[in-house]
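This report concerns only the one structure given below.
Just so you know, all these numbers are worked out from the coordinates, no wet-lab data involved. These figures come from a predicted structure and were not determined experimentally. As a convention, Cβ positions derive from the backbone with ideal geometry for all residues, glycine included, and neighbour counts pool all protein chains shown.
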Amino acid sequence: MSVSARFRHVASGTAAAGAARVQPAGGAGQDTRVGETACPAGGRPVRSARHRAAVYPARPRGKGSGPAHDCDVVVVGGGPAGAAAAARLAARGFATILVDRATFPRDKVCGDFVGPAALAELADLGVTGAEAFAAANTIGQCALHVDGDPLGALPIPRVGALPAHGRVIPRRHLDAWVLDAARRAGATVAAGRKVTAVEQAPGAVTVRGRSAAGPWQLRGRLLLGADGSNSLIARAVRGTPPRQDRIAAVRAYFDDVAGPAGRADICLRGDSFPGYCWLFPCGGGQANVGVGMVVSTYPQAGRNLRELLLRLIAEDPLMRHRLRGARIRGKIGGCPLTTYNPRLPLVGDRIMLLGDAAGLINPLNGEGIQYALHSARWGADLAADRLSCGRLDAASLAAYEQHVHDHLRRDMAFSRLVVQLIRNRALNPFWLSATRIVAARVRTDPDYAHRIACVLTGLAPATRTLGLSVVAKTAGQTMTSALPGPATRRPARRGQPGHPAPQPSPNTIAGTARHTLTSREFADWAAGVGRALTELTAQGRRGCRPGPSRPGAKAG
Ligand SMILES: Cc1cc2nc3c(=O)[nH]c(=O)nc-3n(C[C@H](O)[C@H](O)[C@H](O)COP(=O)(O)OP(=O)(O)OC[C@H]3O[C@@H](n4cnc5c(N)ncnc54)[C@H](O)[C@@H]3O)c2cc1C
């Protein structure tokens, strides 16, 4: 039966009998169900039969009527975070309904790069076995270009049992595959339903919306907010995120792209830094090409990222080379992203936030799919335990928040510091020179290269991987590069010999436009650096966790 048919059927009330009823409970977040008894932490659901789930048309509740649950878990958002969490909870026997405003398969603006850690999560969900998945384009190395100079290509390193490659998978396919895993596990997927309101009440949490058939509502014992970067559920829990925490990005697909399908390219340019441009091949001569930029820079960078992308495609030598015979397919799509902020809550009474809704985006590279999938696993583990015990108040769910912070906070604090530093566009020449120095060392030092690659691909915590040896080697490389000779020469460009770097002009340094900050801008920037440094130092004192725990399954 199709989902819409099921909805109509339920709206007539015939499925209501299948929905379990609960007794009113005392606390805002505590309940008990028929067939459930309190269990120790770490316990499993005690029910064996999965309860039927239903979406009811909105109706006034009778005076004195107790809270009724249409299901155990309502998941809002069918991206990787929501679909993975729904799959994990449904597989454990919890009645799970996932609601998404879109109908699937749907497009989602993204760079589509799925790193090794995310691949391991997908393998654990049973997504990677399909033939179509195996056909998704594999990326074995990532090349960096600064002001048109190729600085070298880093192979994606092997870390533990993780694959030494990433994949570029258009989200139209990836998200539909993860959602299929949720369906197979027994979750009900209600697509084409936009949630417009959320209400916490004793014993239940309710989401509401309106569809062509009229208003609807859905009551669950627990709500997982996985509705992306502009999350309605997150606003209910944590308010509007600060502007400083935002990055913006746009992307477009191109056909007939030249160059190796197994290499991802990142381009930095003095006139657009701290923006960065990427070209991620999707296979079959197609590529995802985009640009990302922190929203708040000093002085403010131009805001029109679509124009910036088109300009970079026209002017950057690497982009011109790879896109020389290419055609754009569809529109340039854009989306702001809310990055990680450790001060904002991730849980409320009966509510947990996952993925982008929780701001689990690395501010340094905009990567979020692996964190969406990690948070789905962490959230589902804790939710299963708390649902079984009937303890769903914010304090009982706080262990999830703690888990996320323990695993991500220190590394994200490092990324926040780096991002805060590079917001100062007056220092662009310095940052790009530093990038060249790091790249020069990468070319000659395999251990250094491995560490840098691990950090760039999110495979290992930056704070643990970089360490004093990397700092010392970078300092040594800086001294070497300052000496006259081959080290100051630009690396060879595609078969051409290296050439001496140009002399700085009064207005540019190696092609980098000069920017000047007002004293107010400088003070704001310096205060931000101070805050980011304080946060990183505080995290350093807390000790370090090994980074996101990985599922053990072989990844695809
Ligand atoms: C331009 C760009 C490039 C990126 N590149 C990469 C990359 O290469 N690699 C990477 O790892 N990450 C990348 N990211 C980040 C990545 O896209 C996100 O981290 C990832 O999509 C998070 O998944 P999610 O499930 O949390 O949210 P989403 O994938 O955003 O899913 C949220 C879902 O919620 C639904 N929804 C929203 N509001 C409602 C509502 N009110 N009612 C019902 N449903 C609702 C939406 O329809 C959507 O399906 C990029 C982001 C952008 C913008």
Where a Cα-Cα gap under 20 Å defines reach, which aspartates and glutamates qualify for residue 473, not counting those fewer than 8 residues away within the same chain?
445, 447
Relative contact order as a percentage, region 274-378, C-alpha pairs under 8 Å and 6+ apart, gives 15
How many times 2.2 N^0.38 Å is the alpha carbon radius of gyration of region 79-180?
1.26
Residues whose built amide H sits under 5 Å from the amide H of residue 114, excluding neighbours closer than 5 in sequence, are 167, 168, 169
Counting only residues 5 or more places away or on other chains, whose amide H sits under 5 Å from the amide H of residue 151 once H atoms are built in the peptide plane?
144, 145, 146
Taking r as the C-beta separation of residue 526 and residue 310 and R0 as 30 Å, the FRET efficiency to the nearest 0.05 is 0.30
Residue 108: which aspartates and glutamates have alpha carbons under 19 Å from its alpha carbon, excluding same-chain residues fewer than 8 sequence positions away?
100, 175, 180, 227, 255, 356, 367
How much net charge surrounds residue 244 when only the other residues with a Cβ under 10 Å from the Cβ of residue 244 are counted, with Lys and Arg +1 and Asp and Glu -1?
+3
List the relative contact order of region 337-455 as a percent without decimals, with contacts defined as Cα pairs under 8 Å and 6+ residues apart.
23
Summing +1 per Lys or Arg and -1 per Asp or Glu among the other residues with Cβ less than 11 Å from residue 179's Cβ gives 0
Please give the net charge around residue 329, taking every other residue with its beta carbon less than 13 angstrom from that of residue 329, where Lys and Arg add +1 and Asp and Glu add -1.
+1
